[in-house]
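A.B. asks: I'd like to ask you about the structure that follows.
None of the figures in this text is laboratory data; all of them are computed from the coordinates on show. Bear in mind that the values here come from a model prediction, so they are computed numbers and not experimental data. Heads up, the Cβs are rebuilt from the backbone with ideal geometry, glycines too, and the neighbour counts pull from every protein chain shown.
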Amino acid sequence: AAMCSVILFLIHETYEMISVMEGDSVTLNTDVTEIQRDDQILWMFKLQNSETRIAEIYKQIISIYDNKENNERFRDKLLMDNQTGSLTIRNIRSEHTGLYELTVISGKTSLKSFSVTVYGNIVTERDSITLESDIKVQSKDMLLWMFGPQETRIAEIYNQNMFMYESNETFGDRLQMDNQTGSLTIRNIRSEHTGLYKLQILSNRGNSYKRFSKPCLERKK
């Protein structure tokens, strides 16, 4: 009679949420005490539906993937501990907000996810803040600003025409958009404006996204 062998790989998964101020450094810990020679540790960065390999240790060789076009956001910002595989992001920016996925293969497979939110400077209620697009709008460009987990549309530029969705009760008439850059200013900001802002840029130069996490942390007295 034929005999069948079944190899069972135990997968253990954990999830951690981290908030950090822009300009600080943050370390994502693997909880590995010491890497063995045949261990593999893989770090991925996930944003929208894309997943990008950013760092890896295999057979005790460290590889940092920060020189490819889609990894520009991490250039010269990543450090990996050669004993534990923990990943440090230096001088972190709002564009580093997202999901970091860790896979540790060492006899068994462990998965760990880190949801990292990067906050900008402290905002005081009734102040104004500007979310910079860092581009110059061309005639055929489309820029779309969205807010919150539902990605509610709040402002838009298309064919150099601006549209402000002031029917949105959260913002009313507080929004102002620069017609040259598409940067968005929120005036007289309130606590309900705390959250994630997303900018989608569609142009003949390519499509891109920017994320801004803006909290109201202080109240004016």
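A.B. asks: One-quarter of the Cα convex hull surface for the chain, in nm²? Intermediate results must be reported in sequence, preceding the final value.
C.D. replies: Details: hull surface 69.0 nm².
Result: a mean projected hull area of 17.3 nm².
A.B. asks: Among E132, E22, E101, which one shows the biggest mean-square fluctuation in a GNM of the chain, springs joining Cα atoms closer than 10 Å?
C.D. replies: Answer for the Gaussian network model of the chain: E132.
A.B. asks: While we're on this one: Treat the count of other C-beta atoms within 10 Å as a stand-in for reagent exposure and order E16, E34, E156 from fewest to most. Mind showing how you got there, number by number?
C.D. replies: On the way: E16 13, E34 8, E156 18.
Ranked by crowding around the Cβ, least crowded first: E34, E16, E156.
A.B. asks: State which entries of K46/K77; K112/K210; K112/K198; K46/K198; K77/K210 exceed 20 angstrom in Cα-Cα distance in the structure shown. Write down the numbers at each step before the final one.
C.D. replies: Details: K46/K77 17 Å; K112/K210 25 Å; K112/K198 26 Å; K46/K198 15 Å; K77/K210 18 Å.
Cα-Cα > 20 Å for K112/K210; K112/K198; rest within.
A.B. asks: What is the fewest-to-most order of T14, T52 by other Cβ atoms lying within 10 Å of their Cβ?
C.D. replies: Placing the least packed residue first, the sequence is T14, T52.
A.B. asks: If you take every DSSP beta bridge fully contained in the chain, what fraction is antiparallel? Give it as a percent rounded to 5. Write down the numbers at each step before the final one.
C.D. replies: Working: 65 of 79 bridges.
About 80 percent, rounded to the nearest 5.
A.B. asks: Using only the Cα atoms of region 123-218, what semi-axes does the equivalent ellipsoid have when each is the square root of 5 times a gyration tensor eigenvalue? Give whole Å, largest first.
C.D. replies: The three semi-axes for region 123-218 are 23, 13, 12 Å.
A.B. asks: List the aspartates and glutamates whose Cα lies under 18 Å from the Cα of K59, skipping any in the same chain that are fewer than 8 positions away.
C.D. replies: E34, D38, D39, D81
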